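Below: the structure, in structure tokens.
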Amino acid sequence: MSGMTGVSARNRVLLGAVLRVEIADELRSILREPTALLFSVLMPVGFFALFVSIFGGYDAGAIPAGTRMLATFGTFGVLSVTLMNPGVGVAQDRELGWLRAKRVSAVPVGVTLLAKIAAALPYAVGVLVAMTVTAALTGSLSASPAELLRVLGVLLVGSVPFALFGVAVGFRLRANAAAAVLNAVLMPAAVFSGLWMPLRMLPDFFADVAILLPTHHLARLALAQLDGGQVFGHVAVLLGSTAVAATAAGLSYRYARL
Amino acid sequence: MRTVLDARDVWFRYGSTDALRGVDLRVDAGECVALLGANGAGKTTLVNLATGLLSARHGALRTAGGDPRRAAVRRHLGVVQQSFGLPKALKVRELVTGAAVRCGRPAATAGPVLAELGLGELAGRGAAELSGGQQQRVRLAMALVNEPALLILDEPTAGLDVSARRHFRRVVERRRAEGTGVLVTTHLIEEAAAVADRIVVVDHGAVLADEPPGALANRLPDRTVTARTSLSRSGLNRLPGVISVEMRGTTVRLGTRAPEALLRELLDADPGVSDLRVEGAGLEESVVALTDAAAPGNGTEEPEVAL
Ligand SMILES: Nc1ncnc2c1ncn2[C@@H]1O[C@H](COP(=O)(O)OP(=O)(O)OP(=O)(O)O)[C@@H](O)[C@H]1O
Ligand SMILES: [Mg+2]
């Protein structure tokens, strides 16, 4: 019995060490070739600056539009890192044969994925921080630090199903194709979910579509941290999406040609 | 002797192509076995089964410690795959220490292996800044760092120059002497003969020969007789001393170890023989003759080689 627990404790230590190496490798790859990620950070922050300087002052009830946009446009910003980066990274590793090499050296694929997602998180945080600073500079920031932290936490945790979806695509497609597909999914999803412009400003038809999109529910959950809106329905949708995305990623890996 | 790879009657199929058709292969600890075969013979497929990437459709395959589809078993393998790139952004030392940690070894084990492979000075270089041969040394270092019971090398010396090949062989030889089993694939018989205790010739997914290099060489043709003749394939096969027959229209190439006797009988059997030539057959050529003879579509079921 004690032997058994000894073994599993040792395995945990091993997995911890492997995870550290995997995260370190991911961060190194990003830092040493930062162009791709830089674009997925700069692009949404740039657009946010543009939108917030146009619409930021509009009052939408108690909260200025610029602050609401931290939740909505922020969802888009976080997803443009967490949806794209792990998925495209997996596709690149697979093309290289690196994923196969890791499989042979007995690294659980979950550890590899966890490392990829973890390594993308600092950049997601960077996006939100840059947006918050932009909102503050344009005078449209009105939220307590606690509220801002809750928005951040919701967006980071809530991006897990999207990262898994990205990975499911990355296991099937080449890196270029995966990037194209994920962008083609993210852009319209962002528009229809009201992440760029509030749904109020768009035709009714958009709201009908939005209700079907997990992106919309993540944005609403983030927004609820600011306006105290209800959360239960959104959490349920996101949990369901997580289950679906995890299953898709699992199946995709299982049938992937490594 | 401990067996570190044991494949029995292994079959594998991609879609409708049978890549392996009942392969038996054994590697013992401290033994180096060369898997020799032409492009598409099934070498990489067998390697992928031995490294747990594929599952056999039929048959059994075990490596040191059990079924390589189990992660814990794969920790005892050292593998250099035929086509895998190194992440460009990582440095040599990071790649090798990473390989150590992934197999459950302390990062410090990388140091001696880097030194052994002459990578000490390159340790701080990025993988993108290495030559092909240097990259291959890094791959070998990554495969050796966990002191594997079985080392699997899929065409490891492709693209290496002569001195790099020699260095490579020395490193492999040292491991073999320490008791590591080695399976190395190649399509060069000279290469196989230089490193292996046993050569296993595969062709179209089947094993044609499995024996020490010396014994194999003794049964391969060392001369080729080329001629234009009207004799049929079976007629040619009946001639004394014929080991292999290759036909292109009316031109035939016969592999043999006894060209004099063969020529006498050939001239007797077909007085119309023309364009007669006798040449030495390199080992390389002999194996081609051997595998060509066994190729489906030559109108025969069995290899026409007197193995
Ligand atoms: N992924 C695949 N899908 C379909 N067929 C495949 C696949 N991989 C290999 N094959 C086929 O299986 C057979 C064996 O291929 P394999 O890669 O094992 O050969 P090999 O001996 O390693 O050749 P090489 O010397 O070119 O590396 C070939 O006919 C090949 O075309
Ligand atoms: Mg091959």
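Side notes on the structure shown:
- Given (1) under 20 Å from B:VAL27 (Cβ atoms); (2) surrounded by 16 or more Cβ atoms within 10 Å (Cβ to Cβ), number of the condition B:GLN82 does not satisfy: (2)
- Among the residues making up the range B:60-89, a single one is among the hydrophobic types (A, V, I, L, M, F, W, C), away from chain A (no Cβ under 11 Å) and in a loop (DSSP other than H, G, I, E, B): B:ALA64.
- Candidates B:LEU49, B:LEU20, filtered to the one that is open to solvent by less than 20 Å² (accessible area, probe 1.4 Å), assigned to a strand (DSSP E or B) and in contact with a Phe, Trp or Tyr (Cβ under 8 Å, 6 or more places away or on another chain): B:LEU20
- Per-region count, the range A:128-157, residues small (Gly, Ala, Ser), surrounded by 18 or more Cβ atoms within 10 Å (Cβ to Cβ) and in contact with a strand residue (DSSP E or B) (Cβ under 8 Å, 6 or more places away or on another chain): 2
Residue-wise test of (1) buried (at least 18 other Cβ atoms within 10 Å of the Cβ); (2) touching an Asp or Glu at 6+ places or on another chain (Cβ under 7 Å).
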position	(1), (2)
B:LEU114	yes, no
B:LEU119	yes, no
B:GLY124	no, no
B:GLN136	yes, no
B:LEU153	yes, no
B:ARG166	no, no
B:GLY205	yes, yes
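- Boolean, B:LEU90 is open to solvent by less than 50 Å² (accessible area, probe 1.4 Å), touching a residue at least 12 places away in the same chain (Cβ under 8 Å) and more than 16 Å from ligand 2 (Cβ to nearest atom): yes
- Scanning the range A:26-53 for residues that are at the interface with chain B (Cβ under 9 Å from one of its Cβ atoms) and either in contact with a Pro (Cβ under 7 Å, 6 or more places away or on another chain) or at pLDDT below 85 (or both) yields A:SER29, A:GLU33.
- Residue in the range B:103-118 that is touching a Ser or Thr at 6+ places or on another chain (Cβ under 9 Å), part of a strand (DSSP E or B) and within 9 Å of chain A (Cβ to nearest Cβ) present: no
- Just one of the numbered conditions (1) more than 11 Å from chain A (Cβ to nearest Cβ); (2) buried (at least 18 other Cβ atoms within 10 Å of the Cβ) is not true of B:MET142: (1).
- Just one of (1) within 16 Å of ligand 1 (Cβ to nearest atom); (2) touching a residue at least 12 places away in the same chain (Cβ under 8 Å); (3) away from chain A (no Cβ under 13 Å) fails for B:ALA50. It is (3).
- Filtering the range B:207-245 to residues that are open to solvent by less than 10 Å² (accessible area, probe 1.4 Å) and either within 24 Å of B:VAL10 (Cα to Cα) or within 16 Å of ligand 2 (Cβ to nearest atom) (or both) leaves B:ALA209, B:LEU216.
- Within the range B:59-70, being open to solvent by 40 Å² or more (accessible area, probe 1.4 Å) and away from ligand 1 (no atom under 16 Å from the Cβ) holds for B:ALA60, B:ARG62, B:GLY65, B:ASP67, B:ARG69, B:ARG70.
- Hits in the range B:37-78 (condition: within 12 Å of ligand 2 (Cβ to nearest atom) and closer than 20 Å to B:THR180 by Cβ): B:LYS43, B:LEU46, B:VAL47
- A:GLY110 meets the conditions (1) more than 13 Å from the chain's Cα centre (by Cα); (2) crowded, with 17+ Cβ neighbours inside 10 Å; (3) within 14 Å of chain B (Cβ to nearest Cβ) in every case but one. The failed one is (2).
- Inter-residue pairs, beta-carbon under 8 Å, first near ligand 1 (Cβ under 6 Å from one of its atoms) and in the range B:33-46, second assigned to a helix (DSSP H, G or I), 6+ apart: B:GLY37/B:LYS43; B:GLY37/B:THR291; B:ALA41/B:THR291
- Subset tally (residues that are assigned to a helix (DSSP H, G or I) and at the interface with chain A (Cβ under 10 Å from one of its Cβ atoms)) for the range B:119-130: 1
The values are calculated or read from the model by the stated rules, or taken from the named source; none is laboratory data. Worth saying up front: this structure is predicted, and the values here are computed from it rather than measured. Please note: Cβ atoms are built from the backbone with ideal geometry, for glycine as well, and neighbour counts cover all protein chains shown. Each accessible area value is taken on the protein alone, full model and side chains, heavy atoms only, with ligands, DNA and RNA left out. Shrake-Rupley method; radii C 1.70, N 1.55, O 1.52, S 1.80 Å.
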